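A short worksheet on the structure shown next.
The values are calculated or read from the model by the stated rules, or taken from the named source; none is laboratory data. Values in this document were obtained by computation on a predicted structure and should not be read as measured data. When we count neighbours, we look across all protein chains shown, and the Cβ atoms used for this are built from the backbone with ideal geometry, even at glycine.
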Amino acid sequence: MRIDFYGDLTCPWCHLGWRRLHTALAQRAEKAGPGQPPHVIWRPYQLNPDIPVTGVERQDYMLRKFGNAERVREVQHAVETAMRADGIHVNLHRIKMTSNTYLGHRLMVKAQRRHKADVLLGEIFVAYFVQGHDIGDPAVLKQIALKAGLDERLVDAELARHDPDPDILASEQDARQLGIRAVPYVLFDGKYSIAGAHDPVAFMPLIDIGLLGVE
């Protein structure tokens, strides 16, 4: 079974959805028995492709997006509550910049080919949502990628490139064809989809269709 997970790196719900999807897959692994495990693919999706490469000030961004300070507090509280309910620590107050995520997605593409996407995504989460670093900064991204075990020469070459990444372009085109307007968005075998960072139990019926042939 192929699972396409469309997400962005500065989206807290994407990180939560990714973790919950993998929790659901782990819970179903024993029931599925022997066989080929599901192939989960990170599909880059930029919620804010027009953000400058140097990022934008976080508070200004949040006010523009949600309208007023009270709404911003409500949104941040919802994120913190959901994360902590899953045992995940966050420090949203440390985030000073809303980062451009294109370079991060480039590294995710390379990490995925080396079976390190989950590790790199975890390091990106810590750097941004716990430590408050600008994950659009190439120097910051390099340190994150090295911690995730990517080769330094590969990382340097990727961060220095300026040509469009074909995997990101393909992912964006597929997202447009699917009518995706928000992430996370999870597509199972190109047929069944679910949007949002749902609890693991919400993923179970679609996993069962792919793994067990249950409809």
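Which one of these is surrounded by 19 or more Cβ atoms within 10 Å (Cβ to Cβ), free of Cβ contacts under 8 Å to residues at least 24 places away in the same chain and of a type outside the set (D, E, K, R): 140, 183? Answer to the check: 140.
Tally up the residues in the range 34-84 that are among the acidic types (Asp, Glu), farther than 30 Å from residue 174 by Cβ and outside any helix (DSSP H, G or I), please.
Count: 1.
Evaluating residue 43 against the criteria (1) buried (at least 20 other Cβ atoms within 10 Å of the Cβ); (2) without any contact (Cβ under 8 Å) to a residue 24 or more places away in the chain leaves one unmet condition, (2). With respect to (1) surrounded by fewer than 18 Cβ atoms within 10 Å (Cβ to Cβ); (2) modelled with pLDDT of 95 or more, the lone exception for residue 85 is condition (2). In this entry, residue 145 is excluded by the filter for residues that are among the hydrophobic types (A, V, I, L, M, F, W, C), more than 14 Å from residue 106 (Cα to Cα) and surrounded by 15 or more Cβ atoms within 10 Å (Cβ to Cβ). Counting only residues that are within 22 Å of residue 162 (Cα to Cα), over 15 Å from the mean Cα position of the chain (by Cα) and of a type in the set (Gly, Ala, Ser), the range 82-122 holds 0 of them. Return a yes/no flag: does the range 183-195 have any residue that is modelled with pLDDT of 95 or more, small (Gly, Ala, Ser) and either more than 30 Å from residue 208 (Cα to Cα) or out of contact with any strand residue (DSSP E or B) (no Cβ under 9 Å at 6 or more places or on another chain) (or both). Looking for residues that are modelled with pLDDT of 95 or more, small (Gly, Ala, Ser) and either more than 30 Å from residue 208 (Cα to Cα) or out of contact with any strand residue (DSSP E or B) (no Cβ under 9 Å at 6 or more places or on another chain) (or both), one finds none in the range 183-195, hence no.
A Cβ distance below 7 Å, combined with a sequence gap of six or more or placement on separate chains, defines the contacts here; from the range 62-85, residues that are more than 18 Å from residue 182 (Cα to Cα) reach residues that are at pLDDT 95 or above and exposed (fewer than 12 other Cβ atoms within 10 Å of the Cβ) in the pairs 63/69. Could you go through the range 154-165 and let me know if any residue there is in contact (Cβ under 8 Å) with a residue 40 or more places away in the chain, surrounded by fewer than 13 Cβ atoms within 10 Å (Cβ to Cβ) and either among the hydroxyl-bearing types (Ser, Thr, Tyr) or more than 15 Å from residue 18 (Cα to Cα) (or both). There is at least one residue in the range 154-165 that is in contact (Cβ under 8 Å) with a residue 40 or more places away in the chain, surrounded by fewer than 13 Cβ atoms within 10 Å (Cβ to Cβ) and either among the hydroxyl-bearing types (Ser, Thr, Tyr) or more than 15 Å from residue 18 (Cα to Cα) (or both).
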